[in-house]
Amino acid sequence: MRTQHRHFHGNKLLTLHAGALGDCALALATMLHVAECLGIKNCEIIARSPLAAWAPQQKLIARAYDAEALPMHQLHLDAPGETNYNPSLLTIISECSHILSFLGNSDHTTARTLKRINPSATLLAIDPVPSESEANIGTHITEQWMKQISLPPPCSTTPWLLPSHRCIAPESLSDNKTDKLRHSALIHPGSGGLEKCCPLDALELLATTLQTDYEVRWIIGPDEMERFNEEYFHRLQKTAPAIYEESIDRAIEQVHHTDLYIGMDTGLTHVAAMCGVATCALFGPSNCHVWQPLGPLLVVGSFPDQRIPLATWVRAQIDLIASLQDRKPV
């Protein structure tokens with residue numbers, strides 16, 4: 001499906017997304033990229049992730065709606081009658097000129113429902129699940145999405161989650177912090193699944209080594225506390241100060257204001273990279289070519305190989321992080 005690039009006053013792009021934090025970060029970047037391609041200034045999103053609510057606070061988009069409150073899942077109903085849908089949901093969909101849906105491709109039930117609700121809108125329907133054939137050749141997920149709607153992929157080095165990304169370098173990378181004795185580093189050791197978490201002993205050695213040049217802190221949230229309990233928190237504190245943050249907004253602020261972020265294949269890592277923070281993303285079983293974050297200051301490392309000394313792995317990550325210095329804006 002090829003879209004027409006229409007440019008007239010009143011265009012509004014509505015994005016529908018049901019994924020978690022990391023997927024939502026990529027969807028937000030995709031939405032902003034699509035809006036640029038189509039010349040649309042007014043963007044709204046209906047999503048489940050709390051990151052969506054953060055976006056309008058940063059003036060990235062005009063408005064965000066809670067997918068559970070509307071509720072967005074009604075769009076999966078193949079029921080023509082308007083009485084089957086929430087009136088607010090109908091109004092929001094009917095008032096947009098373009099719909100970017102991550103709820104299934106153009107043959108999906110949701111696409112038919114959206115066309116019934118707003119037949120005049122340009123529908124850009126995406127199946128968010130990666131294609132096996134594209135994954136096998138390492139096509140990034142955002143490029144896979146764009147292929148489905150015949151648009152070019154978003155720039156992988158743009159800090160999409162910075163409102164001023166077109167004209168200003170992020171504060172954490174500018175030269176106005178030269179009075180600080182040392183830069184700050186934030187390490188998030190958790191992820192959505194245990195298999196995507198780097199061994200903690202490796203991260204502890206990395207944190208200890210980084211302390212020569214950085215003020216290192218750990219950051220964890222409810223997922224880590226629920227999975228590992230307070231003993232995990234106390235173990236982290238033996239290496240460096242640990243922050244427990246329940247609020248995703250405050251966690252994002254912590255990430256946004258650090259000089260270096262180290263994390264796994266997880267939502268906060270995507271947010272850090274797309275905020276223009278110097279980011280080291282550590283990948284284990286996930287395909288980094290498909291799922292790596294977008295951002296101007298990103299390096300991708302791997303989990304330690306048990307066949308080599310841990311100190312060798314740490315040195316390799318330190319070298320990767322050092323390479324970011326060459327990419328900072330002058």
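Site pair residue 234 and residue 90 shows an inter-label distance of 5.8 nm when each label is modelled 7 Å from Cα along Cα→Cβ.
Springs between alpha-carbon pairs under 10 angstrom, Gaussian network model over the chain: which of 193, 295, 22 fluctuates most? The residue with the greatest mean-square fluctuation here is 193.
FRET efficiency for the pair residue 249 and residue 182, taken as 1/(1 + (r/R0)^6) with r the Cβ-Cβ distance and R0 = 22 Å, rounds to 0.25. Phi angles of the stretch 29-45 translate, via the Karplus equation with coefficients 6.51, -1.76, 1.60 and θ = phi - 60°, into HN-Hα couplings of 4, 5, 4, 5, 5, 4, 4, 5, 4, 9, x, 9, 9, 9, 10, 9, 9 Hz per residue; Gly and Pro are given as x.
Taking 0.36 nm per residue of sequence separation and removing the Cα-Cα distance, the residue 225/residue 79 pair yields an extension gain of 48.3 nm.
Residue order for 264, 225, 31, fewest other beta carbons within 10 angstrom first, comes to 225, 264, 31. Placing dummy labels 7 Å off each Cα toward the beta-carbon, the span from residue 289 to residue 134 is 1.4 nm. Per residue of the chain, the DSSP helices (runs of n ≥ 4 H) give a summed -39500 (n - 2.57) that works out to -10500 deg cm²/dmol at 222 nm. Each Lys or Arg adds one and each Asp or Glu subtracts one; over the other residues with Cβ under 13 Å from the Cβ of residue 293, this totals -2. Straightening the chain between residue 105 and residue 63 buys 12.7 nm, computed as 0.36 nm per residue apart minus the Cα-Cα spacing. The charge dipole of the stretch 12-148, taken about its Cα centre with unit charges on the Cβ atoms of Lys, Arg (+1), Asp and Glu (-1) only, comes to about 400 debye.
Taking Cα centre as origin and charging only the Cβ of basic (Lys, Arg, +1) and acidic (Asp, Glu, -1) residues, the dipole magnitude of the chain rounds to 920 debye.
For the residue pairs 196/238; 12/147; 12/59, the C-alpha atoms sit more than 19 angstrom apart in 196/238; 12/147. Among 273-286, 88-101, sorting by the average number of other beta carbon atoms lying within 10 angstrom of each residue, highest first, gives 273-286, 88-101. Size check on the stretch 12-148: the Cα extents along the three principal axes, sorted descending, read 45, 34, 27 Å. With the charge dipole of the chain set up from +1 on Lys and Arg Cβ and -1 on Asp and Glu Cβ about the Cα centre, the Cα lying farthest toward the positive end among the listed residues 247, 120, 234 is that of 120. Couplings 3J(HN,Hα) of the stretch 271-286, computed from phi: 4, 4, 4, 6, 8, x, 6, 4, 10, 10, 9, 9, 10, x, x, 5 Hz, in residue order, whole Hz [Karplus 6.51 cos²θ - 1.76 cosθ + 1.60, θ = phi - 60°; x for Gly and Pro].
Put simply, the amide H of residue 301, placed in the peptide plane, has neighbours under 5 Å in 281, 282, 283, leaving out anything fewer than 5 places away on its chain. A simple charge model with +1 on the Cβ of Lys and Arg, -1 on the Cβ of Asp and Glu and nothing else charged puts the dipole of the stretch 186-330 at about 400 debye relative to its Cα centre.
Each residue of the chain gets 142 Å³ once the volume of the Cα convex hull is shared out per residue. Listed values for the stretch 206-213 are Karplus-derived 3J(HN,Hα) couplings in whole Hz (6.51 cos²θ - 1.76 cosθ + 1.60, θ = phi - 60°), namely 4, 4, 4, 5, 5, 5, 5, 10, and x replaces Gly and Pro.
Quick note: the coordinates plus some simple rules give every number you see, no bench work behind them. On a predicted model such as this, the values are computed, not experimentally measured, just so you know. Neighbour counts run over all protein chains shown; Cβ positions are idealised from the backbone, glycine included.
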